[in-house]
Amino acid sequence: ARVVAQLAFLRRSWRVLNDSWEKKLMPWTRVPPSTPVAKNTVVILCQEGEKTKKDIDALLEDTLTSVGISPKRTKVGWDVVVRMGDPTAIHDLVRVNAGAATSILVMMTEEDREQEEESGGKVVNGATIRTLLALRNVMCSDFDNIQRFDEDDVRIVVQLGTTSPFFNAACFRSKTGMKIVTPLDLSFFVNNLMFSCAANPSLSAVYMSVLSFENEAFRCRRADTLPAGPTGDVGYLVGKTVGEAKLTANWERSVFLGITSGRVRFMDSDKMNGPQGEVMGLLPDPRYKIQADDLVIFLGAKSMPKPFEGGYVDATSKIKSYRLDETPFEPKKLEVDLQVKQRILVIGWRWVWSTDPSRLRDRIYVIARSAAPGSYIVFLNQMDTSEPNESGAPGFEDTIEATGVVEDLIAEDGEETKIPPGCTRGWRLSEYPNVRIFHAAKRNAADYKQLKPVMDSRFDKAIVFGTQAVPVQLSPQSMDTRVLSILLCIKHITVDDKNRSAVWEEGDPIHIVAENSIDQTTEVACVPMGKRRDPDFVNTIAVTARALVISVAFPAMGVAVKELFDGKGSNTPVINLIRAPLLGIEPGSSYPFSVLQCLVNSKFSGWATAVGYFEDDKSFLCPGVHDLHEYGAETMIIIFERSQKAQVSVEDIESASTLI
């Protein structure tokens, strides 16, 4: 139902553009859809189980109504058609004419989980693989159908519950070499989002907003079809550099974010560079010259950006009148200024970290990049520190050392060599010596007696996973129930317990970042509360649905957006919240949004873009390009930045003045 809702939002944003009588009477003036998903009928093929076709139709109608989608725009039974059948059966796929589809989403993870449980973990992604092989037979058995793959821009996105090294063997391409099938393991979306929210609270609202097509969201169109510039000329961006395009697009309530190309679907690697080696994707190299067939990625509520009708004001000239300091940040000093002490408790475990330690390394780095001296991360789970678990997976010690980024604590670290209460072993990061890693072994966080000793240390944030260090996980409801129990236990230990540690007597309550699979979990959760300490819940089902729709609607853009969540390397795009004073903005001063964009662009030497601001626990994305706003001392500027990592020494940390 969530996927259908996102598709309905996408359809609505396109249809709103063509709602006027002028466009209805003169069809040649209509704006074409940015993706075939926004125009074509949605057909759902699912097996009949506890729910019948009538039940599913009613569920879809209720879901669309609850999110504000009118039946006049997307009607169940007409725009969305449900058919009962087996997606793994060739006959049922032929019956719904799957061979003629332009966009296909394969979501069989529930059936995968059932088969994995039945086989004792020996069959992984079973139903998904059978479905893809059946689709391959239906779509590739007819030569004429293969011919249309390029013409119709056919795409298939397959959701994977578990990463599979041999899955690509079932994928296929068009005659010209274009990738048709995109396997998508969405666990890294959720994992990265949770660690990002721990490093920078309140980011979850920003991430969830830009991933949804309901309002301001990632969108893209060919550069030669976009109106832009002082007079709103179509194709204005072609031939401009990215640096010029960002500052002169002159869009009302849309923000230029990046460049990609359909050519990425012909490449084996997801990384794409320009003719001179320029970085492409989100926040591309400012020197890259935009070509006619490039796809421009932008953030906006509508599928076609609208040029500002009130005239054009050159922000690069206007910013001079405000006397703002445009001197670029020194990378070393900026990294230090953005550092805060991170004292984080990670409860639970992802099975993929045991099988692929590099994924654990990437998550740790999300926190380490912004960690000041005295930071530590405690992993609390039911794993043994040194011994393998019952399923044969390595212990925590072998897993963390397999990341290749930790080393033993040394005597010179002084107090920092001490192992916190309830922990069994410690390490420090080689590249980020400010950060120490500890393990609290064989502890059930839902058990007061087992959690209490670890909570005798002070933590600023807790990341709570519903998953554990086993290959077969609990049902969504059971995982959410476990999360709720852990949150209650944390609240009792840090707030209500008469025997609580003295470290919890002062300071803000612990900030909770937790995942949930059921919507009501966020409503019933009971956590420690305080000023600006509302919990960040990451709805795994919602994130999954939004990421899938982005990938199937805009395959080339999906590759660029995925990089935002990869967390690999230092030269990757990230979303940051930066206090206005750090940019030189005096509290109480007012500036047009275009001036703020120009200031951020200058401060980050062209490698960042302001997309809005965050105040009073609310995010405001894509303000009017010339709208005035008064910025306070607590106003956070929302920026997309392609980080340029600097090597920071101890002397830099000691000499820098921290503004955040």
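The values are calculated or read from the model by the stated rules, or taken from the named source; none is laboratory data. Since this is a predicted model, take the numbers as computed values, not measurements. Don't worry about glycine lacking a Cβ; one is built from the backbone with ideal geometry, like all the others, and counts go over all protein chains shown. For the accessible areas, the whole protein counts, side chains as well, though only heavy atoms, and no ligand, DNA or RNA atoms are used. Shrake-Rupley method; radii C 1.70, N 1.55, O 1.52, S 1.80 Å.
Per-structure values
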read-out: Per-region count, segment 352-367, residues open to solvent by less than 20 Å² (accessible area, probe 1.4 Å) and either among the aromatic types (Phe, Trp, Tyr) or within 23 Å of Ile578 (Cα to Cα) (or both); value: 5
read-out: Qualifying positions in segment 497-506 - over 14 Å from Ser457 (Cα atoms) and open to solvent by less than 80 Å² (accessible area, probe 1.4 Å); value: Asp497
read-out: Hits in segment 450-465 - residues which are touching a residue at least 40 places away in the same chain (Cβ under 8 Å) and either open to solvent by 20 Å² or more (accessible area, probe 1.4 Å) or more than 19 Å from the chain's Cα centre (by Cα) (or both); value: Leu451, Lys452, Val454, Met455, Asp456, Ser457, Arg458, Phe459, Asp460, Lys461, Ala462
read-out: Cβ-Cβ under 9 Å pairs, at least 6 apart or on other chains, segment 307-326 side farther than 13 Å from Gly624 by Cβ, far side open to solvent by 70 Å² or more (accessible area, probe 1.4 Å); value: Tyr312/Thr231; Glu326/Lys320
read-out: Qualifying residue in segment 153-161 (condition: modelled with pLDDT under 90 and either in a strand (DSSP E or B) or under 21 Å from Gln115 (Cα atoms) (or both)); value: yes
read-out: Exclusive hit being over 24 Å from Trp14 (Cβ atoms) and touching a Lys or Arg at 6+ places or on another chain (Cβ under 6 Å), set Ala205, Ala170, Ala198; value: Ala198
read-out: Hits in segment 370-398 - residues which are in contact (Cβ under 8 Å) with a residue 40 or more places away in the chain, touching a helix residue (DSSP H, G or I) at 6+ places or on another chain (Cβ under 6 Å) and farther than 19 Å from Leu429 by Cβ; value: Met383, Ala393
read-out: Options Ala169, Ala198; residue that is over 27 Å from Val4 (Cβ atoms), under 24 Å from the mean Cα position of the chain (by Cα) and aliphatic (A, V, I, L, M); value: Ala198
read-out: Residue check for Thr41: open to solvent by 40 Å² or more (accessible area, probe 1.4 Å) and under 26 Å from Met557 (Cα atoms); value: yes
read-out: Residue in segment 19-34 that is surrounded by 14 or more Cβ atoms within 10 Å (Cβ to Cβ), part of a loop (DSSP other than H, G, I, E, B), in contact with a Cys (Cβ under 9 Å, 6 or more places away or on another chain) and at pLDDT below 90 present; value: yes
read-out: Failed condition for Pro87, given (1) surrounded by 14 or more Cβ atoms within 10 Å (Cβ to Cβ); (2) not in a loop (DSSP other than H, G, I, E, B); value: (2)
read-out: Thr102 open to solvent by 20 Å² or more (accessible area, probe 1.4 Å), polar (S, T, N, Q) and under 21 Å from Pro36 (Cβ atoms); value: yes
read-out: Leading residue by the ranking (farthest from Glu330 (Cα to Cα)) among those in segment 556-615 that are open to solvent by less than 30 Å² (accessible area, probe 1.4 Å) and of a type in the set (D, E, K, R); value: Glu563
read-out: Scan of segment 339-351 for residues that are in contact with an Asp or Glu (Cβ under 9 Å, 6 or more places away or on another chain), open to solvent by 30 Å² or more (accessible area, probe 1.4 Å) and either modelled with pLDDT of 90 or more or part of a helix (DSSP H, G or I) (or both), ordered by number; value: Arg343
read-out: Condition met for Asn444 (out of contact with any His (no Cβ under 7 Å at 6 or more places or on another chain), assigned to a loop (DSSP other than H, G, I, E, B) and buried (at least 18 other Cβ atoms within 10 Å of the Cβ)); value: yes
read-out: Residue within segment 45-61 that is closer than 30 Å to Met178 by Cα, surrounded by fewer than 15 Cβ atoms within 10 Å (Cβ to Cβ) and of a type outside the set (Gly, Ala, Ser) present; value: no
read-out: Enumeration of residues in segment 281-294 that are surrounded by fewer than 21 Cβ atoms within 10 Å (Cβ to Cβ) and either assigned to a strand (DSSP E or B) or of a type in the set (S, T, N, Q) (or both); value: Lys289, Gln291
read-out: Segment 110-130 residues that are without any contact (Cβ under 8 Å) to a residue 12 or more places away in the chain, paired with ones that are of a type in the set (S, T, N, Q) (beta carbon under 7 Å, 6 or more apart); value: Val123/Gln115
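Rundown of residues vs (1) open to solvent by less than 20 Å² (accessible area, probe 1.4 Å); (2) at positive phi; (3) assigned to a loop (DSSP other than H, G, I, E, B), yes/no style:
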{"residue": "Asp268", "(1), (2), (3)": "no, no, yes"}
{"residue": "Val296", "(1), (2), (3)": "yes, no, no"}
{"residue": "Leu299", "(1), (2), (3)": "yes, no, no"}
{"residue": "Gly310", "(1), (2), (3)": "no, no, yes"}
{"residue": "Lys318", "(1), (2), (3)": "no, no, no"}
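For every residue, the table says whether it meets (1) over 30 Å from Cys140 (Cβ atoms); (2) without any contact (Cβ under 8 Å) to a residue 60 or more places away in the chain; (3) aliphatic (A, V, I, L, M); (4) assigned to a loop (DSSP other than H, G, I, E, B).
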{"position": "Pro183", "(1), (2), (3), (4)": "no, yes, no, no"}
{"position": "Met194", "(1), (2), (3), (4)": "yes, no, yes, no"}
{"position": "Ala198", "(1), (2), (3), (4)": "yes, no, yes, no"}
{"position": "Ser209", "(1), (2), (3), (4)": "yes, no, no, no"}
{"position": "Phe213", "(1), (2), (3), (4)": "yes, no, no, yes"}
{"position": "Arg221", "(1), (2), (3), (4)": "yes, no, no, no"}
{"position": "Pro230", "(1), (2), (3), (4)": "yes, no, no, yes"}
{"position": "Val238", "(1), (2), (3), (4)": "yes, yes, yes, yes"}
{"position": "Gly243", "(1), (2), (3), (4)": "yes, no, no, no"}
